[in-house]
Amino acid sequence: MERFTISLDDLLAQRFDALIQARGYANRSEAVRDMLRRELEAERQVSGQSLHCVASLSYVYNHHERRLAERLTEMQHHAHDLVLSAMHVHLDHEHCLEVLFLRGSTQAVRGFADRLAAECGVRHSALNLITVDTGPADPTHRHSHPHD
């Protein structure tokens, strides 16, 4: 493990300590490591180095919008290779919330999320994307448990 020293002005250090306490970190090092991971991952995603991901796509839509629910379901069926699961919640008389769990190439997941969000009647959407490192299977990789 590599160590480094950082200098902070008093106000910034106080605000940082309050943040890490509010988030439940044991110490400054844990908080800094998480922040660095988050920033490095964001940079990987922006630069296109993030090839595969898992994601949740949440969106609110008006279910009275003509054929919208049908179109959204059809889009999910066409993206069956990306959509792992869906959850549907009735918010009120007019609005529904759906959360889709997705897995696949980052480019394909972002493209699907953008197309779905652009559907007329989808009011709000948010994509939470997490990069995962996947690659070709290693035939020498052995486990005592089966892979699904």
*Taking the dipole about the Cα centre of the chain, with the C-beta of Lys and Arg at +1 and of Asp and Glu at -1, give me whichever of Gln76, Met87, Val54 is farthest to the positive side.*
Val54
*Which FRET efficiency value, to the nearest 0.05, do you get for Asp9 and Val46 by plugging their Cβ-Cβ distance into 1/(1 + (r/R0)^6) with R0 = 30 Å?*
0.55
*Lys and Arg at +1, Asp and Glu at -1: add these up for the other residues within a Cβ distance under 12 Å of Arg67 and post the number.*
-2
*Volume of the Cα convex hull of segment 52-132, divided per residue and given in Å³*: 71
*What percentages, rounded to whole numbers, describe P(r) for the chain computed over all alpha carbon pairs with 5 Å bin width beginning at zero?*
2, 8, 13, 14, 12, 12, 13, 11, 8, 5, 2, 0
*Using a 10 Å cut-off on Cβ atoms, rank the peptides 18-28, 74-84, 110-120 from the highest mean neighbour count down.*
110-120, 74-84, 18-28
_What is the sum of charges, Lys and Arg at +1 and Asp and Glu at -1, for the other residues whose Cβ falls under 15 Å from the Cβ of Arg38?_
-1
*asked:* With +1 assigned to the C-beta of every Lys and Arg and -1 to the C-beta of every Asp and Glu, and no other charges, what is the dipole magnitude of the chain about the Cα centre in debye, to the nearest 20?
replied: 100
*Most positive-pole-ward Cα, Phe112, Val32, Phe101, against dipole of the chain from beta carbon charges*: Val32
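Readers should treat all values here as calculations from the given coordinates under stated rules, not as data from a laboratory. Everything numeric here is computed off the predicted structure, so don't read it as measured data. Cβ: placed from backbone, ideal geometry, glycine included. Neighbour counts: every protein chain shown.
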